[in-house]
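The values are calculated or read from the model by the stated rules, or taken from the named source; none is laboratory data. All figures in this text were calculated on a predicted structure; none of them were measured in a lab. A quick note on method: Cβ atoms are made from the backbone with ideal geometry, for glycine too, and the neighbour counts reach across all protein chains shown. Side chains included, ligands, DNA and RNA excluded: accessible areas come from the protein's heavy atoms. Shrake-Rupley method; radii C 1.70, N 1.55, O 1.52, S 1.80 Å.
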Amino acid sequence: MAHAAEIRRRRVFNEVACAFWKEEPSLRDALFLFDPESTREVYVVPNFISEGYFTQTVIPHELELNGRLTKRSSGQIWKYCEPVGNHSRMTELLLKRADEVAQDADPAETSLLIVAHGTDLNENSAVAAKREAAKIRALRKYAAVLNVYMEELPLVSDWQKLTTTTNAVVVPFFISDGLHSYEDIPRLLGIASKRSTRLRSPEPPTAPQATASRAVRGEVFQRNPYKIEGRSLFYAPSIGTDPGFVDIVIEQAAKFDFEAHPDRGAKLIAKT
């Protein structure tokens, strides 16, 4: 929603809206968000870190897409773009996030771990993390670069066995900070107990309570470095919270038109 607000502020598009799988407005609601009289084309940019079950199955089904280009009975055209995680700037943003969280760590004595979820629903879900780890590894900036997962091998919980360097930098390859980055990954890393980063309330939190909850949970990123058995571990916020994702969303929409109509696409890219 923060990225959408910034894109709306830039006035690149006539309208900008969000739809969610488990929140309101739902993906189904998105079918009715834009008046076909005033909005003739809709760019759908999946805010997902990689191709996988949701981008290839759930979103097309819920939005009633029949391919990359779908023409509604109203005449409105929906363009299904690539997920943000496929963008070439992911490498740049991952390196930026790692540098920010461990500015004083010597790269020659540092291992970089890119943490993804991992799942058996679709084998493509782990491809993005593997790709980015390989690209950063080829730069030879860090002593070691690993792609690790919460639910498949190699496991992030085995980081001490997988790395031998004095320092380790962990960057969650997730779209936003939530229970995985606030609680699950810290617990798997051994830098938080099972409940140390969780705030519970018997009633739904008010806006001030929600803000306070995020602030307390965000402290897990501010305690760096964590000292574990003589080694320093640096833990970063999820990559998808970087403001640079705003440009990536816009560029993924521009890329769709560039590939379909090079002349028109080039103009849109120049505009953005």
Task: Matching option when the condition is over 14 Å from the mean Cα position of the chain (by Cα) and not aromatic (Phe, Trp, Tyr), among Gly85, Gly52, Gly67 - done: Gly67
Open item on the list: Every residue in the stretch 167-181 that is closer than 16 Å to Val101 by Cβ and either assigned to a loop (DSSP other than H, G, I, E, B) or at pLDDT 95 or above (or both), please.
Closed with: Asn167, Ala168, Val169, Val170, Val171, Pro172, Phe173, Phe174, Asp177
Open item on the list: Condition first: surrounded by 18 or more Cβ atoms within 10 Å (Cβ to Cβ) and out of contact with any Pro (no Cβ under 8 Å at 6 or more places or on another chain). Now tell me which residues in the stretch 35-58 satisfy that.
Closed with: Val42, Tyr43, Val44, Gly52
Open item on the list: Return the pair list, or none, for Cβ contacts closer than 7 Å from residues in the stretch 165-189 that are free of Cβ contacts under 8 Å to residues at least 24 places away in the same chain to residues that are basic (Lys, Arg) and open to solvent by 10 Å² or more (accessible area, probe 1.4 Å), at least 6 apart or on different chains.
Closed with: Arg187/Lys194
- [ ] Identify all residues within the stretch 14-56 that are in contact (Cβ under 8 Å) with a residue 60 or more places away in the chain and out of contact with any His (no Cβ under 9 Å at 6 or more places or on another chain); write none if there are none.
- [x] Tyr43, Val45, Phe48, Ser50, Glu51, Gly52, Tyr53, Gln56
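For (1) at pLDDT below 85; (2) not aliphatic (A, V, I, L, M), each residue gets a yes or a no:
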position: Thr197; (1), (2): yes, yes
position: Glu203; (1), (2): yes, yes
position: Ala210; (1), (2): yes, no
position: Ala215; (1), (2): yes, no
position: Val220; (1), (2): no, no
position: Ile228; (1), (2): no, no
position: Ser238; (1), (2): no, yes
position: His261; (1), (2): yes, yes
position: Lys267; (1), (2): yes, yes
- [ ] Please tell me if Lys79 is of a type in the set (D, E, K, R), touching a helix residue (DSSP H, G or I) at 6+ places or on another chain (Cβ under 7 Å) and under 30 Å from Glu41 (Cβ atoms).
- [x] yes
Open item on the list: Considering only residues that are open to solvent by 30 Å² or more (accessible area, probe 1.4 Å), assigned to a loop (DSSP other than H, G, I, E, B) and not acidic (Asp, Glu), which ones fall in the stretch 151-166?
Closed with: Leu153, Pro154, Thr164, Thr166
Open item on the list: Please verify whether Gly244 is open to solvent by 50 Å² or more (accessible area, probe 1.4 Å) and either farther than 21 Å from Val101 by Cβ or at pLDDT 90 or above (or both), treating the condition exactly as stated.
Closed with: no
- [ ] Output yes when any residue across the stretch 82-91 is free of Cβ contacts under 8 Å to residues at least 60 places away in the same chain and open to solvent by 50 Å² or more (accessible area, probe 1.4 Å), and no when none is.
- [x] yes
Task: Condition check for His61: touching a helix residue (DSSP H, G or I) at 6+ places or on another chain (Cβ under 6 Å) and open to solvent by 10 Å² or more (accessible area, probe 1.4 Å) - done: no
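Being more than 19 Å from Val170 (Cβ to Cβ) and within 20 Å of the chain's Cα centre (by Cα), is that true of even one residue in the stretch 93-107?
For the stretch 93-107, residues more than 19 Å from Val170 (Cβ to Cβ) and within 20 Å of the chain's Cα centre (by Cα): absent.
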